[in-house]
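Below is one structure, written out as structure tokens, with a few remarks after it.
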Amino acid sequence: MALFDKLKGRRKDNEEAEKKIDIAMEKVDKIEDELEISEAGIGEEVSNGNKEVSSNGSKKNSFLDRFRKKEQDVPGNSMNGEGLITPEEAPEETKVEAPEKPKEEALNEIKAEEPAEQDDKAAKKKSRFGFLDKFKQGLSKTRHNINEQIEVLVKSSKKLDEDFWEELEEILIQADVGVNTSVELVKNIRQTAKKKKINDSSEVLGLIREEVSRLLKGNGEPLNIRPGQTSVILVVGVNGAGKTTSIGKLAYRFKQEGNKVLLAAADTFRAAAIDQLQVWADRVGVELIKHHEGSDPGAVVFDALSAARARQADILIIDTAGRLQNKSNLMKEIAKVKNIIEREIADGPHEVLLVLDATTGQNAISQARIFEEATGVTGLVLTKLDGTAKGGIVLAVSKELDIPVKLVGIGEELEDLRDFSPDIFAQALFED
């Protein structure tokens, strides 16, 4: 019974609610009818500022004004005198703004608007100082070795007497500058000091730097690259000197400059030589022309030259055997390779680069003489300068061999095979 009463009460409440809704809807309908009537009865405004309305429209006109005011108060519904929404009159918080560009995109647009000339100058300035800093870092062991000893010499000997010059010679010889080169270097420095009437030992360091730059003046020649045709670079050197690594870094450099590069694995006798060069080719992203281990190096070079022509390659870099156990066989092998290149490519090879390990010191000079006799070396690549305190070998090989140093390795990164500059070398070696 109680449940029945409860259900009956809920039904009664629902009926009352429905009645209230009906009453509300009737009021809404009435308001809408009044609104339509009022809009029809609105009079026109006159120029004297007096408003004329219909006799039955004054009250309804005020109701319409209130309605319009309410419409204007609603965000996004701002209206002008004609009841139209205008962007100028829209509330500030409702104006739609273009989405903000990502920060990275905006920065790129700003950079694109900067003058290209300023970018070039900044890049050149950064490159110049970066190059010097890298050279200093690579020659740090040699620089500390030489500079520290010279500083001790300067402090212990204020005057430029005979003992001073003899000790300076010994310091340079210990840095692998070589006996003959050290003697000539000190002789020239001594004459310059006398000519300039310099007696203070502290000024000798500047004279050494000037003389080193002068001694290396014939070095730093650019690589002989022929635009518009395939330039062939033959790379020679003993095993372990850094030949394969230098080839990989050189290929990376040429590719970064926009050249199409091919490598040729003509060192077919050393175990894993082909595999090592393949690793570098994959790393740099260039093609390697190769045969199986133990095959004829001349056949590899011939195929590489044919591939270079067919693919219109800009640069072909050829790796060669570096065995010195049998000098006559080495000369025959490399002579055969050179003959094939000369037959297939006009005035090729355009460069014969000898790779020398700077950490071997004076042994590098004896190696260079053997390869010079066998191949006609056109330029030197000195590797591992960052790993030795005897970087004076650069002066020794340049002076005693009369072969220009063209490239130097001053680190393990791909970019660390650099063009040799006598001025920067001297500055990096004798400046803190």
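The values are calculated or read from the model by the stated rules, or taken from the named source; none is laboratory data. Predicted model only: the values in this text are computed from it and were never measured. Cβ atoms come from the backbone with ideal geometry, glycine included; neighbour counts cover every protein chain shown. Areas reflect the complete protein model, heavy atoms only, side chains present, ligands, DNA and RNA absent. Shrake-Rupley method; radii C 1.70, N 1.55, O 1.52, S 1.80 Å.
Table for the structure above
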read-out: Complete set of residues in the range 265-281 that are touching a Ser or Thr at 6+ places or on another chain (Cβ under 9 Å) and either in a loop (DSSP other than H, G, I, E, B) or at pLDDT below 90 (or both); value: A266, D267, T268
read-out: Subset of the range 147-177 [open to solvent by less than 30 Å² (accessible area, probe 1.4 Å), modelled with pLDDT of 85 or more and outside any helix (DSSP H, G or I)]; value: V177
read-out: Yes/no for K255 being at pLDDT 90 or above, open to solvent by 10 Å² or more (accessible area, probe 1.4 Å) and under 28 Å from A346 (Cβ atoms); value: yes
read-out: Residues within the range 183-202 that are crowded, with 16+ Cβ neighbours inside 10 Å, touching a residue at least 40 places away in the same chain (Cβ under 8 Å) and within 42 Å of the chain's Cα centre (by Cα), tallied; value: 2
read-out: Output for the range 410-424, where each listed residue is at pLDDT below 90 and in contact with a Ser or Thr (Cβ under 8 Å, 6 or more places away or on another chain); value: P422, D423
read-out: Residue, farthest from G248 (Cα to Cα), within the range 284-298, restricted to residues that are modelled with pLDDT under 95 and either touching a Gly at 6+ places or on another chain (Cβ under 7 Å) or in a helix (DSSP H, G or I) (or both); value: G298
read-out: Residue ID - farthest from E184 (Cα to Cα), chosen from residues in the range 131-173 that are aromatic (F, W, Y) and touching a residue at least 60 places away in the same chain (Cβ under 8 Å); value: F131
read-out: Test set (1) free of Cβ contacts under 8 Å to residues at least 60 places away in the same chain; (2) charged (D, E, K, R); (3) farther than 20 Å from K243 by Cα - R283 fails condition number; value: (3)
read-out: Among residues of the range 385-407, those that are closer than 22 Å to I171 by Cβ and in contact with a strand residue (DSSP E or B) (Cβ under 8 Å, 6 or more places away or on another chain), counted; value: 7
read-out: Number of the exception - Q427 against (1) open to solvent by 10 Å² or more (accessible area, probe 1.4 Å); (2) in contact (Cβ under 8 Å) with a residue 12 or more places away in the chain; (3) over 23 Å from E148 (Cβ atoms); (4) of a type in the set (S, T, N, Q); value: (3)
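Here is a yes/no grid of residues against (1) assigned to a helix (DSSP H, G or I); (2) more than 19 Å from A368 (Cβ to Cβ); (3) open to solvent by less than 70 Å² (accessible area, probe 1.4 Å):
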residue: V204; (1), (2), (3): yes, yes, yes
residue: V212; (1), (2), (3): yes, yes, yes
residue: E221; (1), (2), (3): no, no, no
residue: I225; (1), (2), (3): no, yes, yes
residue: I233; (1), (2), (3): no, no, yes
residue: G240; (1), (2), (3): no, no, yes
residue: S246; (1), (2), (3): yes, no, yes
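Residue-by-condition table, conditions (1) under 19 Å from L139 (Cβ atoms); (2) of a type in the set (G, A, S):
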{"site": "R323", "(1), (2)": "no, no"}
{"site": "Q367", "(1), (2)": "no, no"}
{"site": "V381", "(1), (2)": "yes, no"}
{"site": "V397", "(1), (2)": "yes, no"}
{"site": "K406", "(1), (2)": "yes, no"}
{"site": "G409", "(1), (2)": "yes, yes"}
{"site": "A428", "(1), (2)": "yes, yes"}
